[in-house]
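K.L.:
One structure, pasted below without further comment.
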């Protein structure tokens with residue numbers, strides 16, 4: 001592969017995605033189009049993975065300029081550095097898994113719709129996401145960003161028969177475009193100051209901007225943060241997300257959750273650490289982002305506890321989980337100059353959580369999609385007992401749930417553990433971070449409660465009426481993506497050294513020269529685990545290999561004890577207090593799970609409800625030109641003419657008075673001018 | 001002492017001595033009730049009897065069958081992470097945060113096992129178990145973080161060292177008191193035996209378990225008692241620390257016995273609370289724990 005340059009790899013990936021999209025437009029049958037798209041996406045993914053691997057080893061690559069717009073200093077340049085390579089590894093992985101899953105899912109669930117409304121957009125979305133994470137020009141960054149929004153909007157808008165889904169798509173469109181507008185304004189402000197859209201020129205302008213107009217710099221960062229945080233779904237800007245994501249077909253939701261949502265974090269890292277890495281800015285905005293992150297964790301997750309629609313539960317948890325990533329990134333920015341080693345740990349924790357969340361949240365959407373595929377419902381109160389029929393899906397869902405809840409030894413635990421460590425260490429210096437750390441740890445348990453409900457309601461217990469028609473697990477092509485993603489969840493949890501080594505290099509690149517600690521000085525030299533050090537002090541330890549070995553021994557011991565007396569086993573019906581009931585009559589519905597806790601929080605925090613953005617009403621107002629444009633103009637015009645006609649009173653004395661005043665004014669003006 | 005030796009010692013203590021404490025507590029309760037009470041070896045006999053009893057399975061399925069094994073496994077792992085008269089033997093495998101989450105792994109498996117049994121009583125019990133976790137764990141977390149802030153590290157060994165060199169402090173006292181006030185709930189003892197609540201939801205999550213699997217659960221609860229008590233006495237009251245290892249172990253066993261006797265006493269004189277009353281109580285205890293954290297943040 002030495003003969004293929006990074007540039008060729010990137011361009012061939014773009015080419016493959018685009019050709020795949022064009023080919024799939026012509027596709028007739030769902031299944032054949034699906035497999036064609038998977039083939040193209042797989043080829044493109046391989047190219048991107050080779051590119052990412054090369055970048056991790058060699059460092060960043062710049063490409064030639066394409067599509068130059070010399071007049072405004074914009075040309076399409078790409079730069080692949082280690083930060084983008086992290087995303088280049090994850091995004092195609094999730095995208096490919098979701099596409100493979102789509103083949104049977106779409107063929108079954110959306111048989112009557114047209115394949116050309118799905119696959120071309122999915123492939124183009126992957127292409128534009130690749131563009132977003134590799135381009136090094138602000139204008140083209142925006143163009144790719146917008147392409148990504150539009151293609152994903154088309155996917156949200158897939159089901160056009162359902163009125164609520166159309167509304168959700170509309171809300172998504174408006175919310176993301178308001179955010180994009182903010183970003184565009186920020187980009188244009190930077191352009192007016194630097195005269196260039198290139199990433200490299202931005203950071204060099206900031207110093208000068210900070211001296212001449214410091215307020216403007218803060219406004220620009222705020223606009224960028226609004227733009228990215230809306231896309232990521234941060235509270236309070238993510239109100240659209242729990243409406244829009246459930247509206248898309250499940251594999252598309254999985255792809256959104258795994259790839260698109262994360263680009264908000266990518267953008268914030270780029271903005272904070274590359275464009276505006278001046279101490280006073282990173283400290284202020286690091287603090288703001290960490291605070292919003294903690295808020296997002298708290299509100300998003302507690303709101304999720306109230307939902308009974310599986311995909312809405314997952315969507316609210318995106319808001320909560322994004323909070324963890326923002327907390328990590330914000331803490332990193334806050335301590336960027338004062339404690340670089342702590343900043344590195346926090347940044348690594350945030351990015352680690354990005355990778356983990358991509359895997360388990362996509363997996364959860366696929367699990368829920370599988371249940372929906374089989375039962376036709378997403379209502380947790382109607383499901384139950386699917387686990388006996390769908391063991392693979394249940395196993396994958398349990399792994400994903402324990403990962404998102406941060407239960408060792410699964411993936412979410414490691415990144416959350418690093419986030420707790422960095423916030424508590426930050427709290428030693430600035431006590432506010434202790435509060436964030438406590439919120440993060442407490443909400444991790446709320447997440448657990450939410451996912452216990454999901455697992456219990458979907459897979460465990462007695463089979464519900466909705467599941468009576470289910471005959472077995474989902475087709476093999478829908479099981480493989482789930483198995484691969486759950487393997488990733490386990491691997492990222494038990495072998496943290498692999499992602500840590502990569503993210504450590506990313507942190508070196510992103511934090512630059514201020515960060516000098518070696519890998520071993522930070523995470524210890526033992527490859528099987530982490531011994532976290534700040535300065536010379538050991539601040540925490542997590543060694544999954546030792547813990548797992550010990551747990552395995554303990555569990556084997558427990559099993560041996562239970563079998564020691566060779567007790568006979570027998571199967572019976574459940575005991576319903578001596579009465580004979582149908583299973584569905586005495587079923588404990590998902591809604592009742594931890595109900596007193598939900599009610600307690602409803603009292604403590606009555607206004608937690610995420611504000612619903614009234615975008616549809618707003619859009620109707622915007623589009624109704626009569627009310628705000630024509631109406632006022634007509635009224636103003638008629639008022640003006642009324643006023644004019646009132647001067648024509650028909651009385652000669654008044655006209656003469658007007659003439660006298662007019663002459664006086666003329667003379668006065670002449671006098672002043674000719675003096 | 002090597003990590004392996006320490007870990008096996010903790011394992012032996014957990015498996016063999018934990019039921020003894022239960023026996024002593026039963027005896028204490030009997031004395032308070034003016035009963036003769038069972039012999040203190042009764043828990044061992046109970047376990048042995050259960051191991052041979054028929055294993056009646058209503059749920060079937062791997063989750064139902066594996067849950068008790070995983071719960072006992074997680075509890076034993078927690079026992080290995082807990083210092084029992086010295087440093088935690090598996091300190092390099094996990095710190096206090098890991099300890100908290102290994103404990104919650106056990107709660108997870110209880111909940112999953114209850115769901116898998118398909119019994120509505122078990123669901124109610126699981127729901128209560130989850131709520132207990134949600135209301136009690138914040139206190140545990142806050143007091144552990146207080147210790148972490150004081151010591152500047154979250155590793156158990158580091159915290160104990162710091163305690164030994166710096167002596168008692170205001171913040172650690174608050175954290176310890178909060179931890180103790182939540183202990184009763186962590187052990188699932190009256191007035192917080194809401195999860196099992198024999199007289200209303202018939203053992204809740206464990207209703208469908210019998211025979212050897214019930215024995216595993218019982219075992220896990222005996223171990224949970226001493227794990228939490230050891231954690232309390234070695235993190236918050238590590239004094240006096242003697243150099244002679246067997247003596248140090250005996251001293252902490254004595255401290256654990258005192259702690260458990262106090263919880264037994266509380267159990268005897270209190271009726272069961274409702275889950276909302278319990279959450280109310282816990283939210284007040286949380287303020288004690290947070291007060292400790294505030295004191296730690298301002299350095300007292």
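The values are calculated or read from the model by the stated rules, or taken from the named source; none is laboratory data. Quantities reported herein were computed from a predicted structural model and do not represent experimental measurements. Backbone-built Cβ (ideal geometry, glycine too); neighbour counts: all protein chains shown.
K.L.:
Considering each of A:289, A:322 in turn, give the residue that is more than 15 Å from residue A:426 (Cα to Cα) and surrounded by 22 or more Cβ atoms within 10 Å (Cβ to Cβ).
P.N.:
After ruling out the rest, the residue left standing is A:322.
K.L.:
When you check residue A:463 against the structure, is it out of contact with any helix residue (DSSP H, G or I) (no Cβ under 6 Å at 6 or more places or on another chain), within 14 Å of chain B (Cβ to nearest Cβ) and assigned to a loop (DSSP other than H, G, I, E, B), yes or no?
P.N.:
yes
K.L.:
Given the conditions (1) touching a residue at least 60 places away in the same chain (Cβ under 8 Å); (2) crowded, with 21+ Cβ neighbours inside 10 Å; (3) assigned to a helix (DSSP H, G or I), report the number of the one that residue A:554 does not fulfil.
P.N.:
Evaluating residue A:554 over (1) touching a residue at least 60 places away in the same chain (Cβ under 8 Å); (2) crowded, with 21+ Cβ neighbours inside 10 Å; (3) assigned to a helix (DSSP H, G or I) leaves (1) as the failure.
K.L.:
Return the residues of segment A:277-309 that are more than 30 Å from residue A:217 (Cα to Cα), outside any helix (DSSP H, G or I) and at pLDDT below 85; say none if nothing qualifies.
P.N.:
Those that are more than 30 Å from residue A:217 (Cα to Cα), outside any helix (DSSP H, G or I) and at pLDDT below 85: A:305, A:306, A:307, A:308.
K.L.:
Name the single residue that is nearest to the other protein chains (Cβ to nearest Cβ) among those in segment B:208-228 being buried (at least 23 other Cβ atoms within 10 Å of the Cβ) and part of a loop (DSSP other than H, G, I, E, B).
P.N.:
In this case the residue turns out to be B:208.
Quick grid of which residues meet (1) over 16 Å from residue A:349 (Cα atoms); (2) in the same structural domain as residue A:364 (by TED's automatic domain parsing); (3) buried (at least 18 other Cβ atoms within 10 Å of the Cβ):
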{"residue": "A:461", "(1), (2), (3)": "yes, yes, yes"}
{"residue": "A:465", "(1), (2), (3)": "yes, yes, no"}
{"residue": "A:468", "(1), (2), (3)": "yes, yes, no"}
{"residue": "A:474", "(1), (2), (3)": "yes, yes, yes"}
{"residue": "A:503", "(1), (2), (3)": "no, yes, yes"}
{"residue": "A:508", "(1), (2), (3)": "no, yes, no"}
{"residue": "A:512", "(1), (2), (3)": "yes, yes, no"}
{"residue": "A:522", "(1), (2), (3)": "no, yes, yes"}
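K.L.:
Here is a further query. Taking residue A:419, is it assigned to a helix (DSSP H, G or I), within 10 Å of another protein chain (Cβ to nearest Cβ) and at pLDDT 90 or above?
P.N.:
Against the criterion (assigned to a helix (DSSP H, G or I), within 10 Å of another protein chain (Cβ to nearest Cβ) and at pLDDT 90 or above), residue A:419 does not qualify.
K.L.:
How about segment A:564-576: which of its residues are facing chain B (nearest Cβ under 7 Å) and surrounded by fewer than 13 Cβ atoms within 10 Å (Cβ to Cβ)?
P.N.:
A:568, A:570, A:571, A:572, A:573 - these are the residues of segment A:564-576 that are facing chain B (nearest Cβ under 7 Å) and surrounded by fewer than 13 Cβ atoms within 10 Å (Cβ to Cβ).
K.L.:
Please identify the pairs in which a residue from segment B:153-166 that is more than 13 Å from residue B:88 (Cβ to Cβ) and within 11 Å of chain A (Cβ to nearest Cβ) has its Cβ atom under 6 Å from the Cβ atom of a residue that is modelled with pLDDT of 85 or more and assigned to a helix (DSSP H, G or I), counting only partners at least 6 apart or on another chain.
P.N.:
B:162/B:151
K.L.:
Does residue B:70 satisfy being more than 8 Å from chain A (Cβ to nearest Cβ), within 18 Å of the chain's Cα centre (by Cα) and buried (at least 24 other Cβ atoms within 10 Å of the Cβ)?
P.N.:
no
K.L.:
What do you reckon, is residue A:580 more than 8 Å from chain B (Cβ to nearest Cβ) and at pLDDT 75 or above?
P.N.:
When the stated conditions are applied, residue A:580 passes them.
K.L.:
So which of B:142, B:178, B:173 is crowded, with 24+ Cβ neighbours inside 10 Å and more than 10 Å from every other protein chain (Cβ to nearest Cβ)?
P.N.:
B:178
K.L.:
Scanning segment A:521-548 for residues that are out of contact with any strand residue (DSSP E or B) (no Cβ under 9 Å at 6 or more places or on another chain) and over 14 Å from residue A:493 (Cα atoms), which turns out nearest to the other protein chains (Cβ to nearest Cβ)?
P.N.:
Checked segment A:521-548; the qualifying residue nearest to the other protein chains (Cβ to nearest Cβ) is A:537.
K.L.:
Here are B:30, B:18: which of them is more than 9 Å from chain A (Cβ to nearest Cβ) and closer than 15 Å to residue B:221 by Cβ?
P.N.:
Sole residue among the options that is more than 9 Å from chain A (Cβ to nearest Cβ) and closer than 15 Å to residue B:221 by Cβ: B:18.
K.L.:
From A:259, A:204, which residue is without any contact (Cβ under 8 Å) to a residue 24 or more places away in the chain and either buried (at least 24 other Cβ atoms within 10 Å of the Cβ) or assigned to a helix (DSSP H, G or I) (or both)?
P.N.:
So the residue among A:259, A:204 that is without any contact (Cβ under 8 Å) to a residue 24 or more places away in the chain and either buried (at least 24 other Cβ atoms within 10 Å of the Cβ) or assigned to a helix (DSSP H, G or I) (or both) is A:204.
K.L.:
Quick check on residue A:35: is it within 23 Å of residue A:364 (Cα to Cα) and surrounded by fewer than 19 Cβ atoms within 10 Å (Cβ to Cβ)?
P.N.:
The answer is yes for residue A:35.
K.L.:
Sticking with this one: Criterion first (closer than 30 Å to residue B:213 by Cα and either in contact with a strand residue (DSSP E or B) (Cβ under 9 Å, 6 or more places away or on another chain) or facing chain A (nearest Cβ under 10 Å) (or both)) does residue B:106 satisfy it?
P.N.:
no
K.L.:
Looking at (1) surrounded by 23 or more Cβ atoms within 10 Å (Cβ to Cβ); (2) farther than 30 Å from residue B:3 by Cα, find the lone condition where residue B:56 falls short.
P.N.:
(1)
K.L.:
Taking segment B:51-67, which residues are under 18 Å from residue A:566 (Cα atoms), facing chain A (nearest Cβ under 7 Å) and in a helix (DSSP H, G or I)?
P.N.:
B:51, B:52
K.L.:
I would also like to ask the following. Of the conditions (1) touching a strand residue (DSSP E or B) at 6+ places or on another chain (Cβ under 6 Å); (2) facing chain A (nearest Cβ under 7 Å), residue B:76 satisfies every one except a single condition; which number is it?
P.N.:
Condition not satisfied by residue B:76: (1).
K.L.:
Among the residues of segment B:114-133, are any surrounded by fewer than 24 Cβ atoms within 10 Å (Cβ to Cβ), facing chain A (nearest Cβ under 7 Å), in a helix (DSSP H, G or I) and within 20 Å of the chain's Cα centre (by Cα)?
P.N.:
no
K.L.:
Being modelled with pLDDT of 90 or more and either part of a helix (DSSP H, G or I) or at the interface with another protein chain (Cβ under 10 Å from one of its Cβ atoms) (or both): is that true of residue A:399 here?
P.N.:
Yes: the conditions hold for residue A:399.
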